[in-house]
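Each value in this text was obtained by applying a stated rule to the coordinates, not by laboratory testing. Source: prediction; values computed, not measured. For neighbour counting, all protein chains shown are included, and Cβ atoms are generated from backbone atoms with ideal geometry for every residue, glycine included.
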């Protein structure tokens with residue numbers, strides 16, 4: 001799959017523009033705070049519908065009410081136009097002019113975004129690792145994304161009841177049944193994806209770091225799949241005290257191990273970057289297998305916190321991808337097209 005163009009309006013500090021892209025490596029060069037990352041964020045949003053912010057209005061240009069990003073993509077089966085409109089607390093998506101659910105974008109396009117912040121997948125909270133896994137499995141299985149949304153709604157409704165001073169047991173039983181239904185399928189799909197993800201990440205980590213330490217990824221589930229109903233009943237008193245659902249996929253974690261030890265406790269910042277890069281490489285391969293063609297590779301700040309060997313690995317990923325868009329304060333090697341960005345304004349150089 002190839003990204004042919006990006007159009008933006010009122011998105012962060014980017015000036016209204018239409019950028020043209022082609023295969024190979026495209027460089028976006030500029031100083032810190034000029035908007036390099038915003039370009040990749042706009043591309044990723046238009047291709048996947050994903051925006052890593054808590055409030056949508058924070059990405060809309062100050063003084064404006066709405067923002068827009070759109071891309072043209074070329075796949076083996078033709079050319080499509082994907083669009084995402086942003087307004088306070090709302091995202092709207094279109095494919096070839098037809099309104100669709102935002103999650104539907106993942107059926108038409110794919111992208112992998114590699115950022116310096118990816119090290120937080122190792123040292124950050126379980127929600128970050130769980131979010132990584134959920135996002136990846138949703139791209140591989142559209143059914144999974146729907147299940148997660150339905151499951152989260154059930155957990156919310158169940159929590160409302162648990163906070164009540166008094167309620168009939170039957171009220172909770174209805175939501176328990178739904179929770180078990182969705183949770184069971186989510187856990188099965190996660191486990192299936194984890195088998196391939198772990199193998200690919202371990203292989204990539206060996207290429208990056210050698211055989212000194214072995215990477216392993218494991219699901220830490222709050223309850224075993226076969227005993228989920230039993231554990232749910234056993235946790236009832238704790239849930240009533242907390243006013244929230246204590247077990248289930250929303251509380252599971254993706255454990256990262258280096259030679260059997262928890263990476264979150266023992267890995268250095270450099271080792272965390274290496275692990276995260278291996279996980280992104282695994283994601284790239286999985287999406288390539290799913291779509292039968294590689295996703296667009298987006299690399300933010302290719303020099304950040306990487307030694308020469310890791311940087312070379314990252315740049316080789318870009319060079320070997322059908323299409324990669326790389327940002328930095330300097331131009332990466334083998335860039336075919338380069339843009340300079342200053343205060344959100346891009347110019348070809």
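Brief remarks follow.
- Ordering 170, 303 from the fewest to the most neighbouring beta carbons within 10 Å gives 170, 303.
- Separation of segment 184-258 and segment 272-318, taken as the distance between their Cα centroids, equals 23 angstrom.
- Shape call, segment 15-118: gyration tensor on alpha carbons, a/c limit 1.5: oblate
- Using a Förster distance of 41 Å, the FRET efficiency for residue 293-residue 127 (Cβ separation, nearest 0.05): 0.85
- Highest-MSF residue in the chain out of 240, 297, 133 [GNM, Cα springs under 10 Å]: 240
- At an R0 of 30 angstrom, the distance between the Cβ atoms of residue 226 and residue 307 translates into a FRET efficiency of 0.10.
- Gained length - residue 174 relative to residue 13, 0.36 nm times residue gap less alpha-carbon distance: 53.2 nm
- Contour minus Cα-Cα distance for residue 56 and residue 206 (0.36 nm per residue): 50.1 nm
- C-alpha long axis of helix 36-48 to longest principal axis of the chain, angle in °: 60 degrees
- Each residue in 130, 92 was given a count of other beta-carbon atoms within 10 angstrom of its own, and listing them fewest first yields 92, 130.
- Burial ranking of peptide ranges 179-185, 35-41, 306-312 (average Cβ count within 10 Å, highest at the top): 35-41, 179-185, 306-312
- Here the chain carries DSSP beta bridges of which approximately 70% are antiparallel, counting only pairs with both residues inside.
- Distance between segment 1-67 and segment 103-153 - C-alpha centres, whole angstrom: 20 Å
- In plain terms, the residue of 4, 129 with the fewest other Cβ atoms within 10 Å comes first and the most crowded comes last, giving 4, 129.
- Estimated 222 nm signal from helices in the chain, with DSSP H stretches of n ≥ 4 weighted -39500 (n - 2.57), rounded to 500: -14000 deg cm²/dmol
- Overall dimensions of segment 140-283 by Cα: Rg and Dmax, Å: 18.4, 58
- Relative contact order %, segment 93-205, counting alpha carbon pairs below 8 Å whose residues are six or more apart: 21 percent
- Angle of helix 308-320 to the longest C-alpha principal axis of the chain, folded into 0 to 90 degrees and rounded to 10: 80°.
- Percent RCO, i.e. relative contact order, over segment 251-349, from Cα pairs under 8 Å lying at least 6 residues apart: 18 percent
- Over the chain, relative contact order from alpha-carbon pairs under 8 Å, at least 6 apart, %: 27 percent
- Full extension of the chain between residue 152 and residue 117 yields a length gain of 10.0 nm, computed as 0.36 nm times the residue separation minus the alpha carbon distance.
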